Amino acid sequence: MVAAVRTPCLAASILLLAACSKKDPPPAPPPAPAVDNAKAANDKLIAEAKQFVKDADPKLRKLLVDASLAEWTNETDITKEHEAATAKASEIQSVEITKMVKAARRFDPVLDKLDPDTKRQLLLLKFQAQPAPDDAKQATELATTAAAMQSTYGKGVCAVTNGKETCQDIEFYGKALETNRHPAELLKTWKTWHDSVGHAERDLFSKYVGLANEGAKAIGFANVTELWQANYDMPAATFAPEVDRLWNQVKPLYTQLHCYARRKLNTMYGDAVVPKTGPIPAHLFGNMWAQSWEYLYPELEPFKGVAPIDVTPVLAKSYDAQKMVRMGESFYTSLGFEPLPPTFWERSLFTKPAGKDVVCHASAWDVQYNDDLRIKMCIKPQQEDLWVIHHELGHDFYFQHYFQLPILYQAGANDGFHEAIGDTIQLSMTPAYLKTKGLIDKADKNDKATINQQMKVALEKVAFLPFAVMVDKWRWDVFSGAVTPEKYNQHWWELEQQYQGISAPEPRAATDFDPGAKYHVAANVPYMRYFLADILQFQFHRALCKKIGFTGPLDECSIYGNKDAGAAYGKMLSLGASKPWQDALEQLTGQREMDATAILEYFAPLQKWLEDQNKGQACGW
Ligand code: X8Z
Ligand code: ZN
C-alpha cells in the first residue's frame, strides 16, 4: 500500500485506486475509514510539502551562492580556469535544482490545499535556474557552452600577436560609435563587432538552444520559450498577447520619433545613406544595437541654444567612478533607504582592471544572497554611465530590501520590476535635481526647454521600446523551433525591421549571427524584462509622484529627498517575489495591470510636438 502512494491514479484521487488495479478488487472497505485514509494521506503530503520547502532553502542557498561566486570570479577576470569553474558550479546548480523540481512533483495533487507560502515557493522553484537535461553528458555540455558564450562576448574582438592574445571589448567598439558621424567608419566598427563577436557566438548558440530546450522539457515545459513565458503569474499563453497589447499602446509614439529621426538623418547624410522612406540603417544611431539613440541628441535637438542637459563636462572634470557611485547611493539614502554596506565599496568592480579581460556589461549582485551587494561596471565619467549606475543601484537596493526573505522569494515581483527600480529613480533626475547637485548650471523652465529635455529622455526610453520587444520575440521563435538555424539571422533582421523600422547596414549572410553581438543573447539573459521595465517605471513614477502630492507634469516631478515616497517604494521592494506581481503593483499604484498610459502621459508634450514636425510626412516604414 505504501508503494502505491506514488502511482498516478492515487495521485489523482485515492478513492479511484480500485479502478486502477488490474487484479480483482479486494472487498470494498467500509466507506468511513477510506475517507479517513485519504484525508490522512493528504495531510501527510501537505506536511511533507511544507517540510520540503523548508529543507530546500539552505540547499538552494548553497547552490546559488556557489554558482554566483564562481561567476563573479570569471566575469571580473576571464581565464580558462575561471570559466571552467563557472561551468562546473552552474552545472551542479542546474542538475541539483532540476532534481528538486522533479522531486516536488509529488506534491502536485495537494497543491491547491497548501498554504499560500508553500505553494508559491514550489511554483518559484521551477524558475531558479536553467534546468538541466536528463542526460548527464548534455547537462555538462549545456553548462560549458553557456560559460563559453559569456566569456567569448566578454573578451570581445581578439587577435594573437607573438603568441599572445589581446582583445578589445564592447567598451572600445561602443565608444567608437558614439560621436563619429562618418558612415563608412561607423560601418567598419559595426561590422568588426558583429562579424567577429556575433559570428563567434553562432555555433555555440545553436548548440545551446537544443540543450536548453532539453532542460526545459525535463521539468515539464514544451521548450525554453514556454518556460520563460510561464514566469509571470499568469498563464504562459497569455503573456505574449499582453506584451503585444502594451507595444500597441506605445507604437504611435515610437513611430513619430522614428519619423523625425529619419528626416534629420536623411538631411544629414543624404538619400544614399538614409532614404526618405523605409527603415533606417542600424549603424548610425551612436549605439551598437540602435537600442538607445541618446548620442544623436546634438543632431536631433529640437531647439538650439536652450539649456541642453549634458552632465558629462562636469563629470569629466571633477568626478571619478567612486564619486559617481556615491552620488547614486545618496539618491537612495535621501529616500530613507539604508546606505550600501561597507563590503559594497570593498568588493565591487568600478573600473576595468589593467591586463585582465572582464565582462564590462554592467550588472548588480548580491553574490551571497545575504546583503553582499556589489556592482560590476567599467565606469567612464559620462552621463550615460551615471544613469546606468542609478539603474544598477536599483537592483542592489531591491536586494537590500528582501535579502532576509526565504531564498525563493529573493527576486523581483517579476523580472521587469527588478529592471524598473533604478530606472524609476532616473525619471526623478530632472534638470532641477541635476542643478541642485551642481551637475548643470541652469535648469530653464519653458516650453522649449521641456521639449528638449523630453527629447533627451525619449532618445533613451522611447527609442528603446521596440528593440526591447524584438530581442525575445526572436528568441521565443528560436526556442520554440518556429525558426531554424539557417534562418536565425534573417529572422533577426525581419524583426528589427518590423518593430524598430531599422535595417542591416549592408546585406547579411545566413552564416552571420548578429543576435550574438548583443550581450543578453550571449549571456542567456531574458530580455522582455526591459520592455516591461520601460512601461512599469513610468507607472511607478506616476504613483510615487501622486503619493507625494505632486500635481504638475510628470517630467517635472522628482521624489529626491522624499521619505514618504521612499517608504511606499521600500514597502513594495520588501515583498520580493513573495506575492504575485499584480499584488505588488496594486500596493504601489492601485492598478493590477501593466499600463502604458503613464509613459504616454509623460511624453504627451513631445508626442504633440513630433506630430506637428512630422505633418505631411509618410511616417512608418
Ligand atoms: O543590461 C542592462 C543593464 C544591466 S541589467 C545595464 N540594460 C539593458 C541593455 O543594456 O541592453 C539596461 C537597459 C537595457
Ligand atoms: Zn538591470
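The values are calculated or read from the model by the stated rules, or taken from the named source; none is laboratory data. Worth saying up front: this structure is predicted, and the values here are computed from it rather than measured. Every residue, glycine as well, gets a Cβ built from its backbone with ideal geometry; the counts of neighbours run over all protein chains shown. Please note that ligands, DNA and RNA were not included when accessible areas were found on the heavy atoms of the full protein model with its side chains. Shrake-Rupley method; radii C 1.70, N 1.55, O 1.52, S 1.80 Å.
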Handout entry: For region 218-353: relative contact order, % (alpha-carbon pairs under 8 angstrom, 6 or more apart)
Key = 8
Practice task
Report the one residue of M455, A522, S558 whose Cα lies farthest in the direction of the positive end of the charge dipole of region 411-561 (charges on C-beta: Lys and Arg +1, Asp and Glu -1; origin at the Cα centre).
Solution key: S558
Handout entry: Per residue accessible area of the chain, 1.4 Å probe, in Å²
Key = 42
Completion exercise
Inter-part gap, Cα centre of region 151-219 to Cα centre of region 424-445, in whole angstrom, is 36
Exercise for the section: Check cross-link reach from K442 to the lysines: straight Cα distance under 27 Å, and skip same-chain residues fewer than eight apart. Expected result: K304, K317, K323, K380, K456, K461, K546, K563, K608
Completion exercise
Ranking V325, A443, Q368 by how far each Cα lies towards the positive end of the charge dipole of region 310-453 (+1 on Lys and Arg Cβ, -1 on Asp and Glu Cβ), the top one is A443
Completion exercise
With label points set 7 Å from each Cα along the Cα-to-Cβ direction at A604 and D77, the distance between them in nm comes to 5.5
Exercise for the section: Mind jotting down the distance between the C-alpha centroids of region 243-290 and region 491-530, whole Å? Expected result: 16
Completion exercise
With +1 on the Cβ of every Lys and Arg and -1 on the Cβ of every Asp and Glu, the dipole magnitude of the chain about its Cα centre, in debye rounded to the nearest 20, is 420
Problem - Inter-probe distance in nm under a simple model that places probes 7 Å from Cα toward Cβ, at K59 and E242 - result: 3.0
Practice task
Please list the equivalent ellipsoid semi-axes of region 252-293, computed as the square roots of five times the alpha-carbon gyration tensor eigenvalues, in descending order and whole angstrom.
Solution key: 15, 14, 8
Exercise for the section: Give the residue from F403, C545, N42 lying farthest towards the positive end of the charge dipole for the chain; charges sit on Cβ (+1 for Lys and Arg, -1 for Asp and Glu) and the dipole is referred to the Cα centre. Expected result: N42
Handout entry: Kirkwood hydrodynamic radius over Cα pairs of region 131-259, then Stokes diffusion coefficient at 4 °C and 1.567 mPa s, in µm²/s
Key = 71
Exercise for the section: Pop a pseudo-label 7 angstrom from the Cα along the beta-carbon direction at both A38 and K435 and give the gap in nm to one decimal. Expected result: 7.3
Problem - region 232-289: trypsin sites (Lys or Arg not before Pro) in DSSP coil with no more than 13 other Cβ atoms inside 10 Å - result: K276
Exercise for the section: Report the extension gain between D583 and D564 in nm, rounded to one decimal, defined as 0.36 nm multiplied by the number of residues separating them, less their alpha carbon distance. Expected result: 4.8 nm
Problem - 18 Å reach of a label modelled at A482, 7 Å along Cα-to-Cβ, counting backbone N of region 215-241 - result: 222-231, 235-241
Fill in the blank from the handout: If amide H atoms are modeled at 1.01 Å from N in the peptide plane, then the residues at a separation of 5 or more from M429, or on another chain, having amide H under 5 Å from its own are none
Handout entry: P(r) histogram, all alpha-carbon pairs of region 192-272 included - 5 Å bins from 0, percent
Key = 3, 12, 11, 10, 11, 14, 17, 11, 7, 4, 1
Exercise for the section: Give the relative contact order (percent, whole number) for the chain; include only Cα pairs under 8 Å separated by 6+ residues. Expected result: 18
Exercise for the section: Could you look at region 178-228 and say what percent of its accessible area is carbon and sulfur, using a 1.4 Å probe and all protein chains? Expected result: 53
Problem - Of K191/K276; K44/K102; K54/K137; K155/K518; K39/K59; K80/K155, pairs whose Cα-Cα distance is over 21 Å - result: K191/K276; K54/K137; K39/K59
Completion exercise
Computed on Cα atoms, Rg of the chain relative to 2.2 N^0.38 Å comes out at 1.03
Fill in the blank from the handout: Residue span K102 to D115: 0.36 nm per residue of separation minus Cα-Cα distance leaves a gain in nm of 2.6 nm
Exercise for the section: Report the charge-dipole magnitude of region 53-163 in Debye, nearest 20, computed about the Cα centre from +1 at each Lys and Arg Cβ and -1 at each Asp and Glu Cβ. Expected result: 360
Fill in the blank from the handout: Taking the chain and counting helices only, DSSP H stretches of n ≥ 4 at -39,500 (n - 2.57) each over all residues, the nearest-500 ellipticity at 222 nm comes to -18000 deg cm²/dmol
